[in-house]
1. Scanning region 207-241 for residues that are of a type in the set (A, V, I, L, M) and touching a helix residue (DSSP H, G or I) at 6+ places or on another chain (Cβ under 6 Å), which turns out surrounded by the fewest Cβ atoms within 10 Å (Cβ to Cβ)?
2. Which residues, counting only those in region 22-49, are loosely packed, with under 13 Cβ neighbours inside 10 Å and over 24 Å from E83 (Cβ atoms)?
3. In region 4-16, is there at least one residue being under 18 Å from the mean Cα position of the chain (by Cα), in contact (Cβ under 8 Å) with a residue 24 or more places away in the chain and open to solvent by 80 Å² or more (accessible area, probe 1.4 Å)?
4. Please verify whether I64 is of a type outside the set (G, A, S), in contact (Cβ under 8 Å) with a residue 60 or more places away in the chain and not in a strand (DSSP E or B), treating the condition exactly as stated.
5. Could you grab the pairs with beta carbons closer than 9 Å, sequence gap of 6+ or different chains, first residue in region 105-126 and of a type in the set (D, E), second one open to solvent by 40 Å² or more (accessible area, probe 1.4 Å)?
6. Suppose the filter is in a loop (DSSP other than H, G, I, E, B) and surrounded by 20 or more Cβ atoms within 10 Å (Cβ to Cβ); does E52 pass it?
7. Exactly one condition in (1) at pLDDT below 95; (2) open to solvent by less than 10 Å² (accessible area, probe 1.4 Å) is not met by A169; state its number.
8. If we keep just the residues of region 55-71 that are in contact with a Ser or Thr (Cβ under 9 Å, 6 or more places away or on another chain) and more than 15 Å from L166 (Cβ to Cβ), which is surrounded by the fewest Cβ atoms within 10 Å (Cβ to Cβ)?
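The values are calculated or read from the model by the stated rules, or taken from the named source; none is laboratory data. What you are looking at is a predicted structure, and each value in this text was computed from that prediction instead of being measured. Using ideal geometry, Cβ is built from the backbone for each residue, glycine included, and neighbour counts are taken over all protein chains shown. Note: areas computed on protein heavy atoms with side chains; ligands, DNA, RNA excluded. Shrake-Rupley method; radii C 1.70, N 1.55, O 1.52, S 1.80 Å.
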Amino acid sequence: MTDLRDIFNTYFDVVTDDAESGVLEEALRLRYQVYCVEHDFEDSSLFEDGKEFDDYDCRSVHGIVRHRSSGVTAATVRLVLHEKGNPDAPFPIETNCGDSLRMSPSLLTGIPRQAVAEISRFAVSKNFKRRLGEAGTVAGVGPDIEKYLNQNPSGKRVMPHLILGLFAAIVKLSALRHVTHWYAVMDVSLLRLLSRYGINFTPIGAPVDYHGLRQPCFGTVDDVLAGIWDKRHDIWQLITADGSVWPAPLKAKSRSLG
């Protein structure tokens, strides 16, 4: 039987800007389309070259999901890294959600700043938002996703292939940059969907109105991936390239040795 990873790889490639030139430009152009044209989150007049960017891009690494047969960029995401030479420089979550954050200081106690990154600028091309409930959203996940999932408990009809592909990019970028802890400010519908597949983050503050209702959250890479391993091993195989990008959880290793 064809597995999830084979299905995904038949149609899409995950590419990061450390591996291929031009990825950043593809990412910025898609972000312009999603954040400025499809939505009015950003002022299009500020980006005359059709590429949406901000001050965090100079300290970020980027990934895209590219449609194999057409070469079209289907989705993009970035990891905002610590600022070299200025480790106290805030992450976007600390700037935009500072008043709502409650648990962040205690969670980061003893963690080197360079080991932390923020998952940011999730965007899916409108040309790939085909499933019911996806239209009109940045990440391709509609507010009625719970209804569709309840109607289809297996999740097959609403399997978020592009979101999973973006997580594969995030994991790869994290491994390359030795990132072990993630910040994120995610659409609440997206978080509900991800939890169905074992992708769980810890809320660290009240939801904020930032490009829609968003939940500030936090997760360690090991814990998030272990949750996926336990609930959906096929998804873990996809986003870690079957452990070649990020190793299996220690508990899984200990079981195999026992």
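1. The extreme case among them is L213.
2. Residues satisfying the conditions are G22, D40, D43, S45, E48, D49.
3. No, region 4-16 contains no residue that is under 18 Å from the mean Cα position of the chain (by Cα), in contact (Cβ under 8 Å) with a residue 24 or more places away in the chain and open to solvent by 80 Å² or more (accessible area, probe 1.4 Å).
4. Working: of a type outside the set (G, A, S): yes; in contact (Cβ under 8 Å) with a residue 60 or more places away in the chain: yes; not in a strand (DSSP E or B): no.
The answer is no for I64.
5. E118/Y56; E118/E94
6. yes
7. Of everything listed in (1) at pLDDT below 95; (2) open to solvent by less than 10 Å² (accessible area, probe 1.4 Å), A169 misses just condition (1).
8. Looking at residues that are in contact with a Ser or Thr (Cβ under 9 Å, 6 or more places away or on another chain) and more than 15 Å from L166 (Cβ to Cβ), I get R68.
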